[in-house]
Every structure is written in C-alpha cells, then in structure tokens.
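Okay, structure first, notes after.
The values are calculated or read from the model by the stated rules, or taken from the named source; none is laboratory data. None of these values were measured; they are calculated from a predicted model. So basically every Cβ, Gly included, is an ideal-geometry build from the backbone, and we count neighbours across all protein chains shown. Accessible surface is based on the protein model in full, side chains and every heavy atom, while ligands, DNA and RNA are left aside. Shrake-Rupley method; radii C 1.70, N 1.55, O 1.52, S 1.80 Å.
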Amino acid sequence: MSVGIILLCHTALDRAAEAARFWAASGAPVVIHVDRRTADPEMEAFRAALDGVPGIAFSPRFACPWGTFGLVEATLTAAGQLMRTHPGLDHVYLASGACLPLRPLSDLQDYLAAHPDTDFIESVTTDDVPWIVDGLAMERFTLRFPFTWQTQRTLFDGYVRLQRRLGLRRRIPQGLVPHLGSQWWCLTRRTLLSILSDPRRAEFDRYFRRVWIPDESYFQTLARLYSTRIESRSLTLSKFDVKGRPYTFYDDHLQLLRRSDCFVARKIWPQAGRLYRAFLHAGPTGAAQADPQPGKIDRLFDKAVERRRMGRAGLYMQSRFPAQDRENGKTGAPYSVFHGFSDLFEHFDGWLAKTAGGRVHGHLFAADRVEFAGNEPVFNGALSSSAALRDYDPRAFLTNLIWATRGERQCFQFSPRDGQECNRFIATDANAQISVISGAWAIPLFHGDGSFADIRAEAARLQRIETAHLALLRGAAVKARVRIWPLAEFLEGPMENLQLILDEISPRMPRRLSEAPRMVALDGFGQFLQNLKNQGMQPTLTGDFPVSRDWRPQPPARGRPYLVR
Amino acid sequence: MRLWDRYRLRIRRRRLRLRSLRKGRELSAVSVHPKAIAAAGVTLAATVRNERLRLPYFIDYYRRLGIGHFLIVDNGSDDGTGEWLAAQPDVSVWRTTASYGGSRFGIDWINALLGRHRHDRWILVVDVDEFLVFPFGDARPIGALTDWLDSCAIRSFPAMMVDMYPKGPVSARPYREGQDPFEIASWFDSANYMISRNPLYGNLWIQGGPRARVFFPDRPADAPALNKIPLVRWDRRYVFVNSTHMLLPRGLNFTYDSAGGEMISGCLLHAKFLSTFPAKVAEEVARVEHFARGREYRVYAEASPDQTDLWCKWSEKYINWRQLEILGLMSKGNWA
C-alpha cells in the first residue's frame with residue numbers, strides 16, 4: 001500500500017519544503033505545484049532547497065487566484081504526473097504548503113490500507129451545506145462567474161445580481177449532481193484515473209471553468225460518478241471561520257493537535273517553529289492505530305465563531321457595541337426592579353435581602369446619589385455612587401452593574417422620583433423582572449409635611465411620570481416580566497403578591513414567606529387621596545381606595561401569621 | 001453619512017496629511033536605520049520627553065512582544081534619553097525641540113514618520129507608559145496577530161487604555177529603572193466604563209475607569225478618553241486625527257461589531273500612576289503643552305498628586321490577558 005502527495009504552494013515556501021522533505025523521507029512521492037504568481041527568486045530558492053531530494057518533483061505551474069479554475073487545473077496536472085511516474089500508488093493525498101503532517105506517514109499508510117478502495121473526500125449536496133457563507137450555494141453551479149471575487153468585487157456582485165434578475169441559468173452537464181466539500185481530499189488511484197481519463201472531461205472542464213470556487217466542487221462532484229465507496233470527510237483537519245477563511249494553528253495549539261490524532265492539519269502559521277519541530281523532527285508520540293478525533297479542535301473553533309457572531313450577552317465594550325435592539329441580550333443576567341415597594345413598606349430592601357437573597361440595592365437611580373446595597377460608595381466593577389457619573393450614561397451604569405455582578409441576582413428599588421432614562425431599556429430587556437405598585441408614590445406625600453399646594457403639584461408631577469412609565473410597560477415591545485398592581489389592589493393580598501414575585505426570583509426556594517415586611521401606617525390615606533381629588537387632582541393610579549376604610553399596618557410577625565398553601 | 005460630511009472628512013484628512021508633511025520637517029535624524037525599518041514586520045512609533053527612567057523596560061517589553069524596530073521622536077529630552085536611545089541597535093531616533101502642543105501632541109510627527117517609512121506595513125503607536133496586551137500575547141508574537149488580521153482583511157486593531165494604579169498613595173513605592181511598572185501598579189477598574197459613538201468619525205468614545213471615578217465624579221464629560229486604535233496597517237494616505245483615538249479615513253475606526261458579535265481587541269495597560277506621577281503633573285502644569293491646555297493635569301494638581309490613591313475595595317488585581325478577556329475589557333473575536 002502506498003500513497004503519493006500533491007503539494008499546492010504559493011507562499012512560505014521554506015515551510016512547504018520542510019513538509020515535502022518529511023513526506024519524501026518517509027517514502028511518499030511528492031509532486032509540488034507552485035502558483036505561477038510566486039516570484040521567481042523565491043521559486044529558485046525553493047527549487048534549490050529541494051534539488052536532488054529523491055521522490056520530489058515539480059509540476060507545470062498555473063496561476064491560481066482564489067476561487068478560480070487554476071487550482072483544479074494545477075491539481076489535475078500534478079495528479080497525472082504523479083500517477084504516471086509512480087504507477088504503484090494506491091492513494092493520492094492532496095495537501096497544501098501550509099499543511100503540517102501530524103503523524104508519521106506509516107500511520108496514514110496503515111489507515112489507508114485498512115480502508116482500501118475508499119475515497120476520503122467531503123462531498124455534500126448543495127441543499128445540505130450549512131457552512132456556505134457567501135449566500136451562493138446552488139448558484140455556484142448555475143450562474144457564470146467571469147470576474148474575480150477578490151479584486152473585482154463590485155463587478156462580481158453586480159453580475160450575480162444581473163443574472164438573478166434576468167433569470168439566467170447555466171445548464172449543468174447531464175449526469176452531474178453538484179456536490180461541495182473541503183478541497184483537501186485523499187482519492188484512490190482508480191477514482192482519480194477515471195476523472196482524468198473521462199471521455200467527457202473536456203466538457204466538464206469547460207463547465208467548471210465558470211463555476212465559482214471549483215476546487216471545492218470539481219472533484220467533489222466527479223468523484224460521485226466513479227467512486228465505489230465515498231467516505232464523506234476530509235482526512236485533513238481544517239476549520240473555516242465565518243467568512244470562509246481557514247483557521248490558523250500556532251505553537252500554543254501543540255497539545256490540542258497532538259491529541260486530535262489527525263493525519264494532516266492546515267493551516268499552520270509559517271512561524272510556528274515549535275509545531276514544525278515537534279511534528280516533523282521529533283519522533284511519534286500518539287497511538288499508532290488511533291482514529292482521527294477532531295472534536296476538541298472543532299469545539300474550540302466553533303466557540304470562536306459563536307463569539308464573533310453572537311458575542312457575550314450583556315457586554316458592551318470596545319469591540320462589541322451593539323446598536324439598539326441588536327444586543328442578543330441587553331444585559332448579562334436576570335435582575336429585579338421593585339417599583340413603589342419601598343414607599344409602602346418600611347426597610348423593604350433589608351427584608352428582601354433576608355428573604356430572597358441576592359444583592360438588594362436602594363434606589364439606584366435616586367436623584368442625589370446611587371443607593372448601593374449597604375450604602376457603599378463604590379460597588380462591583382468599581383462603579384461609583386456619584387449621581388453625576390451615573391447620569392452621564394445611565395444605561396452603561398446599569399449594564400455595567402449587571403455585567404460585573406454576574407452570578408448574583410441584583411434587585412433595586414424604583415419610583416417616579418428616580419431618573420427615568422433607562423425605562424425603555426429595562427422594559428425591553430428579557431432579563432428584567434419589573435414589579436410595580438402604581439400610585440405608591442403618594443404615600444410619602446401623605447406622610448410628608450409642606451403646604452398642600454406643593455403636595456398637590458408634586459403628586460401631579462409624579463403621576464405624570466408614572467403614567468408614562470406604565471404606558472411603556474404595557475407596550476408591545478416589552479420583553480421584561482412585568483407585574484402591575486394599583487396600590488389598592490396590591491393591599492388586598494400583599495403576601496400572595498410578594499410570594500408570586502419571590503417564587504419567580506428563586507423558583508427552588510422551599511420556604512414559604514413567614515415574615516412579612518412592615519407596612520407603613522395608612523390611617524387617613526383614603527381621606528388624603530380624597531383631599532387631592534377635592535383640589536382638582538385626580539389620583540388615577542392608586543386604584544379604588546375607599547375614603548372610609550382605614551388601612552392598618554399588619555401586626556408585627558408572630559410565628560407564621562400568614563401562610564399560603 | 002451625508003455626502004457633505006464625507007467631503008469634509010476628506011478635506012480634513014488631506015489637511016492633516018499636509019500638516020504632518022510640514023511638521024515632519026521639524027525632525028532631525030539622530031540615528032536612523034531605513035533598511036531595518038523597511039524590513040521589520042511590526043514597528044513601534046512613539047514620542048518621548050525625558051523618559052530615561054521608563055524607557056529600558058518599555059523597549060524591552062515591546063521587543064519581547066515581537067516588535068522589529070522602534071521609531072522614536074525625542075522631543076527635547078535633557079536627561080540622557082536621546083543618548084540611551086541612539087545606543088540601541090533596533091531604535092531609530094529623530095530629535096526636535098519644537099513645541100509638543102504645536103505638533104498636536106506629537107501626532108503630526110508620528111504621521112510624518114509613518115508616511116515616510118511604513119507605507120503598507122503594520123505600525124503600533126503608543127506612549128511610553130502604555131503597554132499593549134493582546135489575545136494570546138503570552139504565546140504568540142505580535143506578528144501572528146498582524147498576519148491573522150491581514151488574513152481577515154482587518155486594517156486596524158483597537159486597544160482601550162486601562163489605567164493601572166497601586167494600592168495606597170502613588171508615591172509610596174518608588175519606580176526603579178528597568179522594573180515592571182505593574183509590579184507596583186497592579187490594580188485596575190473592571191466595569192465602570194462608558195461608551196458612546198462619535199457620529200462623524202464612527203469611532204467609539206470610551207470614558208471611565210479610576211480617573212473618572214476619582215478625579216471627575218462631578219463632571220464626567222471632562223474625563224479623559226480611553227479608546228485607542230494603536231495598531232494599524234499603515235498607508236501613506238492615513239492620518240491619526242486626535243492622538244491614536246481616531247483615524248481618517250473613518251473606515252479604520254470601525255473596530256467594533258454593532259450587530260451583537262465581538263470583534264478582536266486588546267488593551268493598553270496604562271502605567272501613569274507611579275511614583276513618577278507627581279513630578280510629571282508639576283512639569284506638565286507648568287509646560288501647558290497637553291490637550292485642552294493641560295486641563296486634565298490641572299485637575300490632578302489640585303488633588304495633591306503625591307497622595308493620589310485610586311485603589312478601592314472593588315479594584316481588580318491584574319493577572320494576564322485572559323483575565324481582561326473574561327472581564328470583557330478585550331476580546332479574542334474569532335481568533336482561536
């Protein structure tokens with residue numbers, strides 16, 4: 001059993017020479033194709049470096065701009081030459097100058113011997129390829145591509161659009177079913193000879209000359225005509241990024257590559273000296289019989305693609321600054337907003353911290369300063385409690401806080417007295433849980449001093465603000481989990497309502513609420529609201545609050561005063 | 001973007017280009033190695049003034065990163081900086097005694113040198129107290145990064161400044177020549193940065209960090225800008241507009257993804273808050289050569305600089321680039 005290598009090179013020829021020597025020294029004949037666009041001095045140095053090395057030959061040179069037929073032509077010529085000069089070959093392996101053999105040739109030979117008559121070539125119909133990036137799949141075969149994508153981009157795109165609009169289509173030669181796949185393959189002598197000596201080859205070549213990126217489809221399609229057994233995967237470890245460019249391996253990938261047990265990897269950064277030393281000049285380390293296991297490397301690169309496309313939810317930084325509503329998650333973690341609760345209950349934040357856990361802040365958006373939990377002057381992420389700094393960019397303040405405290409749920413108090421700049425942002429954030437007791441802002445007014453005229457004006461102002469906020473919270477674009485109770489309605493069953501919220505915060509919390517937060521005194525509150533009405537200011541958000549009924553704060557908790565079953 | 005704005009920016013770019021040609025004539029070559037400059041993979045360009053103490057570590061740090069050659073403008077140093085630099089084999093030195101403010105804080109000189117020597121090559125422009133950290137920088141040289149950027153057709157690489165500070169007053173531990181400044185100033189703020197977009201130039205404007213927290217809590221708008229784009233595949237038509245905060249043409253400023261993904265970025269660890277800080281403040285306040293007539297330095301001077309203590313309970317201690325990546329200050333993008 002023996003295998004021959006075709007090496008396609010265009011840059012970093014010194015590394016290509018190193019790989020070629022390795023193959024040849026292990027007993028695999030190598031035919032090297034160098035892009036005609038490579039400068040002559042480089043080419044001469046390359047030739048000189050490999051001069052007289054047995055088993056290495058050069059094939060006629062073609063110009064191979066990316067995505068053109070040149071690469072296929074070069075491969076066909078090199079394959080013909082290789083099989084003519086080495087009639088005993090069973091397999092031909094197509095590799096590039098940036099490929100690095102990871103295992104001794106004998107491993108590959110054994111592997112191929114165990115799979116005789118098998119063509120290792122990734123070959124997938126156009127309907128089944130998820131990895132096409134440019135949006136051209138079947139159209140690669142049915143449109144014409146006379147322009148180079150890299151240098152004549154505008155013409156390329158324009159001509160594609162024109163053909164689409166005019167409905168122009170090429171006829172695919174009879175008998176061909178378009179297949180796509182990695183351009184790096186290992187074919188059997190029989191299949192390759194069949195392709196080379198096909199009586200219709202001239203027709204196929206003419207057709208593929210105008211197909212886009214034929215090196216990913218020529219052999220992949222034709223192999224389907226002749227192969228008796230196709231193993232649709234590449235023996236070369238090669239991953240592509242979002243834009244269809246191959247990933248590069250560096251010195252720090254050494255262990256990863258070793259453990260992958262793949263035969264060949266591409267592409268290698270030419271200056272990754274440690275990789276070349278380890279794989280070309282040191283002895284073998286892996287198990288000789290192991291099958292390739294590219295899974296781990298696949299995961300690493302898949303994660304990189306994911307990061308590039310989706311990013312980390314809730315992160316705003318120098319190289320990720322999503323436009324509004326394109327954030328893939330506006331904040332980094334769930335959090336809760338308690339609107340009006342601190343007006344109705346005394347020391348509500350302390351109670352909440354004890355009951356629900358997490359971090360409970362006061363009014364983060366209070367006018368004079370940021371009320372961090374425990375009245376800290378600075379908080380996680382070194383966020384300052386300066387109101388001016390916060391108000392300079394309130395949205396950044398909130399997203400920073402949630403980002404910096406990932407893993408610990410944040411809760412904060414809110415009221416129409418606070419800064420309202422983030423309302424839309426929070427309402428459209430799926431991580432937010434907003435609980436509103438509407439009209440609760442009236443309670444501090446009721447307890448406060450001052451002339452009634454001032455109170456009346458303030459009540460009107462707060463009501464206006466809250467009405468706008470509630471309209472937002474009832475809007476169609478809301479993604480947050482929103483609960484709104486008018487004050488009177490909330491008071492009908494405060495404990496059930498609190499329980500509802502807390503169950504959502506920590507669904508696995510086994511305990512039922514035992515201790516109630518202390519409610520402020522509401523004696524005469526109904527009359528207060530009536531007075532506002534009498535002055536011509538209609539409090540619409542408190543709900544239906546009877547004048548006569550006096551609300552008494554619940555008695556301090558004794559044992560379990562309230563139990564929901 | 002309106003046609004008129006495009007036209008305005010084009011005019012501005014041309015004007016800055018001409019200006020840099022004119023200001024470039026203020027530079028006189030001290031020891032310049034044109035062949036080495038042309039051959040180097042990535043070169044670093046900087047303007048320095050009396051930085052004899054800091055330079056040895058600075059040059060050494062960037063040599064280890066894989067910088068091939070240094071282009072240094074010595075702006076009238078009198079502490080031996082010029083002599084030390086001229087003795088380095090991989091440093092080209094130009095000298096000028098012209099005004100720092102007059103060359104827009106050295107950026108005209110840098111534009112001139114880059115246009116002259118580094119057309120179509122990678123350049124890194126930093127100050128002597130800025131230390132670039134990039135993804136995989138502990139295992140891969142900077143050439144690996146620029147090769148990868150080339151393969152992705154990315155022409156510019158952002159690295160925001162991360163202000164580093166010691167625990168306790170800055171003057172408590174004196175900085176010695178050759179010392180790693182982050183042995184002393186090893187702390188930073190992890191998540192108090194504010195970002196907005198410059199609609200005309202397209203770049204992000206980042207403020208925050210310890211300077212905003214301590215010196216500008218009442219007027220955040222005056223807090224210094226932290227966004228930088230220091231690594232660029234240069235072209236003689238390009239110009240840095242305002243320090244390395246932004247460039248023209250404006251396409252170079254789009255170093256961020258606005259559809260939710262992460263692009264690649266690094267950080268510039270900023271070793272400003274060392275024992276050298278109080279003297280620097282005193283000098284700059286007297287010299288009035290800095291941005292906005294040294295407004296920033298006047299603020300520092302009012303805050304008794306030798307007692308400056310930026311540390312707080314939530315400060316983060318620097319470990320490595322992976323830490324910065326996890327905290328979200330920089331990103332690997334799709335480099336793996």
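If you take each beta carbon of peptide A:390-398 and count the beta carbons of other chains within 10 angstrom, what is the mean? Mind showing how you got there, number by number?
Values: counts 3, 1, 11, 7, 1, 2, 9, 2, 0.
What the average comes to for A:390-398 is 4.
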Listed here are the pairs A:Lys303/B:Lys228; A:Lys296/B:Lys332; B:Lys167/B:Lys272; A:Lys354/A:Lys479; B:Lys167/B:Lys280; A:Lys267/B:Lys228; which of them are more than 22 Å apart at the Cα?
A:Lys303/B:Lys228; A:Lys354/A:Lys479; A:Lys267/B:Lys228
For the range A:3-309, convex hull of alpha carbons as volume per residue, Å³
135
Value of D in µm² per second that Stokes-Einstein yields for the range A:243-341, Kirkwood Rh from Cα pairs, at 37 °C (0.692 mPa s):
192
Under 10 Å from the Cβ of B:Ala38, count the other residues' Cβ atoms, weight Lys and Arg +1, Asp and Glu -1, and hand me the total.
+3
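Using a probe radius of 1.4 Å on protein heavy atoms only, what is the accessible area buried between chains B and A, both sides summed, to the nearest 100 Å²? Present the calculation step by step, with values, prior to reporting the outcome.
Numbers: alone 14680 and 26950 Å², together 37350 Å².
The contact between A and B buries close to 4300 Å².
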Per DSSP H run of n ≥ 4, the term is -39500 (n - 2.57); total these for chain B, divide by its residue number, and report the mean residue ellipticity at 222 nm rounded to 500 deg cm²/dmol.
-9000 deg cm²/dmol
Note to self: C-alpha centroids of the range B:318-336 and the range A:138-164 sit apart, in Å, by 39
Sorted largest first, the C-alpha extents of the range A:437-531 along its principal axes in whole angstrom are 49, 36, 17
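Is chain B best put as rounded, prolate or oblate by its Cα gyration tensor, with a ≥ b ≥ c the root eigenvalues, rounded for a/c under 1.5, and otherwise prolate when a/b is larger than b/c, oblate when not?
In terms of gyration-tensor shape, rounded.
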The simple spin-label model distance between A:Arg274 and A:Glu408, using points 7 Å out along Cα→Cβ, in nm, is 3.7
Among the Cα-Cα pairs of chain A, the proportion with separation greater than 45 Å, in percent, is 45
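Given just the C-alpha atoms of the range A:20-120, how large is their convex hull per residue in cubic angstrom?
Looking at the range A:20-120, the number lands at 114 Å³ per residue.
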Descending principal axes extents, the range A:318-381, alpha-carbon based, whole Å
43, 23, 21
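Beyond 19 Å, what share of the Cα-Cα pairs of the range B:250-336 remains, rounded to the nearest whole percent?
Details: 2231 of 3741 pairs.
Value for the range B:250-336: 60 percent of Cα pairs lie more than 19 Å apart.
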At 0.890 mPa s and 25 °C, Stokes D of the range B:15-74 from Kirkwood alpha-carbon radius, µm² per second
187
Which order do you get for B:Asp189, B:Asp129, A:Asp252 if you rank them by accessible area with a 1.4 Å probe, largest at the top?
A:Asp252, B:Asp129, B:Asp189
Add +1 for every Lys or Arg and -1 for every Asp or Glu among the other residues with Cβ under 12 Å from the Cβ of B:Val170, and state the total.
+1
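If you count the DSSP beta bridges with both ends in chain B, what percent of them are antiparallel, to the nearest 5? Mind showing how you got there, number by number?
Details: 25 of 46 bridges.
DSSP beta bridges in chain B are roughly 55 percent antiparallel.
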If you add up the charges near A:Lys330, with Lys and Arg at +1 and Asp and Glu at -1, over every other residue whose beta carbon is less than 12 angstrom from its beta carbon, what do you get?
+1
How long are the semi-axes of the equivalent ellipsoid of the range A:335-534, taking √(5λ) for every eigenvalue λ of the Cα gyration tensor, in whole Å from largest down?
26, 21, 17
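Can you list the trypsin sites (Lys or Arg not before Pro) in the range B:269-336 that are in a DSSP coil and have 12 or fewer other beta carbons within 10 angstrom? Spell out each step's value before the answer.
Details: sites: B:Lys272, B:Lys280, B:Arg287, B:Arg293, B:Arg295, B:Arg298, B:Lys313, B:Lys317, B:Arg322, B:Lys332; in loops: B:Lys272, B:Lys313.
Those satisfying the criteria are B:Lys313.
Counting other Cβ atoms within 10 Å, which trypsin sites (Lys or Arg not before Pro) in the range A:481-530 have at most 16 and lie in a DSSP loop?
Hits after loop and neighbour filter: A:Arg508, A:Arg511, A:Arg512.
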Need one number: % antiparallel among DSSP beta bridges in chain A, to the nearest 5.
30
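Measure off, as a whole percent, the carbon and sulfur share of the 1.4 Å-probe accessible area of the protein assembly as shown, all protein chains present. Please list the in-between numbers first.
Values: 18910 of 37350 Å².
Roughly 51 percent of what the probe reaches on the protein assembly as shown is carbon or sulfur.
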For the range A:381-465, state the semi-axes of the equivalent ellipsoid (square roots of 5 times the eigenvalues of the alpha-carbon gyration tensor), sorted largest first and rounded to whole angstrom.
29, 15, 12
Per-residue SASA entry for B:Thr255, accessible area with 1.4 Å probe, Å² rounded to 10:
10
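Between A:Arg164 and A:Thr228, what is the FRET efficiency for a Förster distance of 35 Å, r being their Cβ-Cβ separation, to the nearest 0.05?
Numbers: r = 38 Å, r/R0 = 1.09.
That gives a FRET efficiency of 0.35.
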Expressed as a fraction of 2.2 N^0.38 Å, the rule-of-thumb size for a compact globular protein of N residues, what is the C-alpha radius of gyration of the range B:69-187?
1.25
Counting each DSSP H run of 4 or more residues in chain A as -39500 (n - 2.57), what helix-only mean residue ellipticity at 222 nm follows after dividing by all residues, to the nearest 500 deg cm²/dmol?
-10500 deg cm²/dmol
What accessible surface, in Å², does a 1.4 Å probe find on A:Ile230, ignoring ligands, DNA and RNA and rounding to the nearest 10?
40
For the range A:437-476, what are Rg and Dmax over the alpha carbons, in angstrom?
11.8, 40
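Loop only per DSSP, at most 15 neighbouring Cβ atoms within 10 Å: give me the trypsin sites (Lys or Arg not before Pro) in the range B:1-81, ordered by residue number. List each step's numbers first, then the result.
Working: sites: B:Arg2, B:Arg6, B:Arg8, B:Arg10, B:Arg12, B:Arg13, B:Arg14, B:Arg15, B:Arg17, B:Arg19, B:Arg22, B:Lys23, B:Arg25, B:Lys35, B:Arg49, B:Arg52, B:Arg54, B:Arg63, B:Arg64; in loops: B:Arg2, B:Arg25, B:Arg49, B:Arg52, B:Arg54.
For trypsin sites (Lys or Arg not before Pro) across the range B:1-81 that sit outside H, G, I, E and B with at most 15 neighbouring Cβ atoms in 10 Å, the list reads B:Arg2, B:Arg25.
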In whole Å, what is the distance between the alpha-carbon centres of the range A:322-343 and the range A:81-122?
57
Here the relative contact order (percent) of chain A, from C-alpha pairs under 8 Å and at least 6 apart, is 11
Estimate the FRET efficiency between A:Asp325 and A:Leu196 by the formula 1/(1 + (r/R0)^6), using the beta-carbon distance for r and 41 Å for R0, to the nearest 0.05.
0.15
